[in-house]
Every structure is written in structure tokens, then in C-alpha cells.
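Chemist: There's a structure below that I have some questions on.
Since every read-out is calculated from the coordinates, none of them should be taken as a lab result. The shown structure was predicted, so the numbers you read here are calculated from the model rather than taken from an experiment. Quick reminder, even Gly has a Cβ in these numbers, built from the backbone with ideal geometry, and neighbours come from all protein chains shown.
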Number of protein chains: 2
Amino acid sequence: MMKSKAKPAAKTRIQSENQDLILKAALDVFSTYGYRGATVDQIAAKCGLSKPNLLYYFRRKEDIYTAVLEHTLTEWLIPLRMLDVTNDPITELTNYISTKLEMSHRNPAASRLFANEVLHGAPHIRKFLNGPLKDLVEAKAAVIQTWIEAKKIKPVDPQHFIFSIWAVTQHYADFAVQVEAIMGPKPDRLKTQTAVLEILLNGLKISP
Amino acid sequence: MMKSKAKPAAKTRIQSENQDLILKAALDVFSTYGYRGATVDQIAAKCGLSKPNLLYYFRRKEDIYTAVLEHTLTEWLIPLRMLDVTNDPITELTNYISTKLEMSHRNPAASRLFANEVLHGAPHIRKFLNGPLKDLVEAKAAVIQTWIEAKKIKPVDPQHFIFSIWAVTQHYADFAVQVEAIMGPKPDRLKTQTAVLEILLNGLKISP
DNA sequence: TTCATTCTTGATCAAATGGTCAAGACACGA
DNA sequence: TCGTGTCTTGACCATTTGATCAAGAATGAA
């Protein structure tokens, strides 16, 4: 007898459990080895499923990659969305930068997955970059511009300022190996946060 | 009759010409597709040599990669080495940041090659990071520290400041696709330079 | 020109890898 | 317990790809 549920493929318990397992393992493997460097066998081994079983849930390797990438992207922009023009800019930006640093520390794999994708020309997320991302950045650049016109912060190019925040905060995830080679293992997170906030907000020129 | 030259393998004209061709093509291909993503066939095709011929000059794929990576690393640190404690800090740092931006623009492939290597755990250049790079950064951090103690610049953590410069400048090469998706193609280089210098040197807090 | 050395490549191999399939094991509502 | 649909997998396939090799072509010093 046909299952009563219609097309929209309701998930069984086993389905959601295993898809979750797969996505977790895939994030790990893809972020470490890149898309081409990762193998389906690796992902399968990491989550304790057989390769054919994994390909039962995601028909192609690329489907796994796309799924884990999209899952990552949605969370990635939440902090930026929260930038609120009605609040104090220094408070808001301090909070945004701190949150980004925190995210990079808590989930460096996600940061690296995204970095790797963009580094190689963003073949899977071009539309995301040109659409939702561009729109969001323009909206938030407008927020920063508002603060500038209210003379609450110095006149800096808002878009480039957003790029700088991304660059610096994600650097601590994407280039962690380099950072640790230079600073020693487990660099002091508080020091890092203080330094990054100091640099991005205050610069280093002695005030005239 | 034996060639008069001894072991140290003197290069013939053809050798240096072809090795040069190969390294140029390899930089392109490796930086675009990553180590695992790049194929020997691609590199061979790009420089117009047959695959066996390419493997006549570099026995293994990894040898090509190592060669092009080392070739890149040596040039990469030249600007930082030039940071001179006896000069004016703002002049020196402005110059360093501008040069790094310039390099990222002129040779984004080199930046991406390096980024990709570090992103994936720097398996081929661990020793370089722990040795020469660490030493150089410590030396130049000391230079910045000297400027701080002379009250010529604000007290920022020198190492984190160097990281920030790297992060922001290389961002424009490594994440070029993203930058162009948001700012449109061919972003104004002068505007970028002005903004980056403004952010890293001045910050955006209104002076008290 | 001679000829030892260097350079070049078509053919080929073995391993890795994405993906398929049919058959069987299991879950769970009736 | 039964039976249908879901889940699992060993075996297998086709392609890609790094690497080899033997044989031939080009080079250039004497």
C-alpha cells in the first residue's frame, strides 16, 4: 500500500539521523581536503556508513557538497543581518566583529569550506554571491553610511570596511596553521579579540 | 664522450626554458584548482608539452608543486623584510600595505596558491612556517614594538597587526570573486588602497 | 659530419575513485 | 506476525589520473 504522504518526501527518523551524520562528516572532510581532494569513501568512513549507503542519501558527491555548503551559508550571514542602524555603531560593530571571531573559532571548518569555495572561483555559489550576499552587503553598507553621515564614525568606505572585518576575522580560522606556527599553539583568544578590535576600530595612528 | 661537467647538473638552454614554462603553467593550474584538483595533463596542455615530457623534467606531480610553491614563497616575504625601523613608521607601513596590495593584484595566483596550501594545513611548508616565517615575523614585530615604545604609533599587538595586514591585503586576491560579485567587476584599485590604508592605520572611531 | 647526450612521446599500466545494481536486512504500521 | 516500503551493502564497472618505458628525434660539441 502506498504511504499516505504525498511527494514532498517526508523524512523518516533514520533519514534525518543519517543525513545529519553525513553532513557533519562531509563538512569536516571537504573543509580539510577541498572538493576535489575529498573522497566519498573518506566521508563514508568518517560517519560509519558504507559508500553505497551514503550514495543512497545523496546520489552524487556534488550533492553532498552543495548541501553542506548551503547549510553553512545560511548561518554564516546571520550576524551581519543583525547590524542595527538604530543602535550605537561602536557597540554594534564591536559586537559584530566579536561574533565573527567567535564563529571562526568555534567552527573553523565552516570558514575553510567557504574560503576554499571562493578561492577556487565559487563555482557552486556564484548566484548566492551575486544575489543575496550582494544585497545584504549593500544594505549593511547603507547602515554604516548612515552612521558616517551622522558623524558617529569616521568616513570609511563601508563595503571595504565590511571586507576588512571578514578578512581579519576569517583569517584566524582559515590561516590557523600559520597563526599557530608564529604565535605558538592555542593563541590567547582574548588577546586576539582585543587586538583585532583595537586595529579595526582604532587604527594605530597617534591622534593629531 | 662524457660531458665535462660534473654532477651538479648544469642546465641546458632547453631545460631552463621548459622548466620555466612548466612552473608558469603549474602556478596557474595549481592556484585555480588546488593540488588535488590540478592534473598533470592540464599543466602539460597549458604549456604545450606532452605529459611524459613534463614528467621528464619533474619526476612527480608533487615535485612540480613543491617547486612552484618554493619559488613563490621566496618572493612573498621580500616586502616585509624591507620594513626598516629607522624610518618613519607611518611611511613604512603605508608602503608595506600598498606593496602587498599591489602584489595581490599583480599576481593573485601566487596569493591563492599560498592560501590554498595553508588552508589545507600547510602539509608542504610546515617547516617554512615554523622556521623562517616565524623568525621574520618576530623580528618585524620587534620593529613595530620599537615604534610603539618610541610613542610613534599606538600600542597595538605587533603580531596581530601583521596578521591583519596580511588578511586584508590578500583578501583582495583570494576572495576576488566575492569582492567583484559585490563591488562589480574591476573594482577601483585606488579606492581600495585608500580604504584599506584608512582602515588599518586610522580605524574609524572618532577621536575623543 | 659524427655521435653521445639530451629531449620527446605513443602506448601502456596500476591505483584511485565516483557511481551502479541487485539482493538481502531491517523497521514499523496494520 | 505479516508485508510493504525503507535501508544497507558486497561486488562490480568505467573513467580518470599519476607514472613508466622503450624507441625514436633533436641537439650540439668535436
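Chemist: Provide an ascending nm list, one decimal, of label-point separations from residue A:11 to the equivalent residue in each further copy; define each label point as 7 Å from Cα along Cα→Cβ.
Modeler: Output for residue A:11: 5.6 nm, nearest copy listed first.
Chemist: How big is the equivalent ellipsoid of region A:109-208 along its three axes, where each semi-axis is √(5λ) from the Cα gyration tensor, reported in whole Å from largest to smallest?
Modeler: 26, 24, 9
Chemist: For the protein assembly as shown, how big is Rg over Rh, using alpha carbon atoms and the Kirkwood form of Rh?
Modeler: With Rg and the Kirkwood Rh in hand, the quotient comes to 1.01.
Chemist: I'd like the mean, over residues of B:147-155, of how many other protein chain beta carbons sit within 10 Å of each residue's own Cβ.
Modeler: 2
Chemist: Where the label is 7 Å out from Cα toward Cβ, how close does residue A:130 come to the same position in every other copy, in nm, shortest first?
Modeler: For residue A:130, the inter-copy label distances come out at 4.5 nm.
Chemist: Residues in region A:45-78 near a label at residue A:24, defined as backbone nitrogen under 15 Å from the 7 Å Cα→Cβ point?
Modeler: Under 15 Å, as judged by backbone N against the label point of residue A:24, lie A:45-49 of region A:45-78.
Chemist: Turning to a different aspect of this structure: How do A:201, B:54, A:113 line up, fewest other C-beta atoms within 10 Å first?
Modeler: By the 10 Å Cβ count, ascending: A:201, B:54, A:113.
Chemist: Report, as an integer, the average count of C-beta atoms from other chains found within 10 Å of each Cβ along B:179-186.
Modeler: Average neighbour count from other chains, rounded to a whole number: 5.
Chemist: Turning to a different aspect of this structure: What nm distances, shortest first, do you get from the label point of residue A:60 to those in the other copies when the point sits 7 angstrom along Cα to Cβ?
Modeler: Spacings between copies for this position, smallest first, are 3.3 nm.
Chemist: If each of residue A:130 and residue B:102 carries a label point 7 Å out from its Cα toward its Cβ, how far apart are those two points in nm?
Modeler: 3.4 nm
Chemist: Can you show me the helix-derived [θ] at 222 nm for chain B, built from DSSP H runs with n ≥ 4 at -39,500 (n - 2.57) apiece and divided by the number of residues, rounded to the nearest 500. Intermediate results must be reported in sequence, preceding the final value.
Modeler: Values: 11 runs with 139 residues, N = 208.
It lands at -21000 deg cm²/dmol.
Chemist: Follow-up. Just how far, in whole angstrom, is region A:141-199 from region B:52-114 if you go by their alpha carbon centroids?
Modeler: First find each Cα centre; the distance between them is then 24 Å.
Chemist: Select from chain A the helices, each a whole stretch of DSSP H, whose alpha-carbon atoms run 27 Å or more along the helix axis and whose Kyte-Doolittle mean is at least -0.5; answer none if there are none. Before the final figure, lay out each step's value.
Modeler: Values: long enough: A:13-37 (31 Å, -0.34).
In chain A, the long hydrophobic H runs are A:13-37.
Chemist: Past the 22 Å Cα-Cα mark, which pairs from A:152/B:100; A:154/B:154; A:140/B:100?
Modeler: With Cα atoms farther than 22 Å apart: A:152/B:100; A:140/B:100.
Chemist: Positive end of the dipole of chain B, charges at C-beta (+1 Lys, Arg; -1 Asp, Glu), about the Cα centre: which of B:187, B:79, B:55 has its Cα farthest in that direction?
Modeler: Of the candidates, B:55 comes out farthest on the positive side.
Chemist: How many nm separate the modelled label positions at residue A:180 and residue B:51, each set 7 Å beyond the Cα in the direction of the Cβ?
Modeler: 3.7 nm
Chemist: Additional query: Could you work out, residue by residue across A:161-173, how many beta carbons of other chains sit within 10 Å of that residue's beta carbon, and then give the average as an integer? Spell out each step's value before the answer.
Modeler: Numbers: counts 5, 1, 13, 9, 2, 6, 12, 10, 1, 3, 8, 3, 1.
Mean shielding by partner chains, rounded to a whole number: 6.
Chemist: Rg and Dmax of chain B, Cα atoms, in Å?
Modeler: Rg, Dmax (Cα atoms, Å): 20.6, 82.
Chemist: Something else now. Taking a cut-off of 14 Å between Cα atoms, list the aspartates and glutamates near residue A:151, but don't count ones fewer than 8 places away on the same chain.
Modeler: A:88
Chemist: For the residue pair residue B:95 and residue A:13, what label-to-label distance in nm results when each label sits 7 Å from Cα along the Cα-to-beta-carbon direction?
Modeler: 7.0 nm
Chemist: Please state, rounded to one decimal and in Å, the Kirkwood hydrodynamic radius that region B:13-67 gives when every pair of distinct Cα atoms enters the mean of 1/r.
Modeler: Details: mean 1/r = 0.0930 Å⁻¹.
About 10.7 Å, per the Kirkwood formula over Cα pairs.
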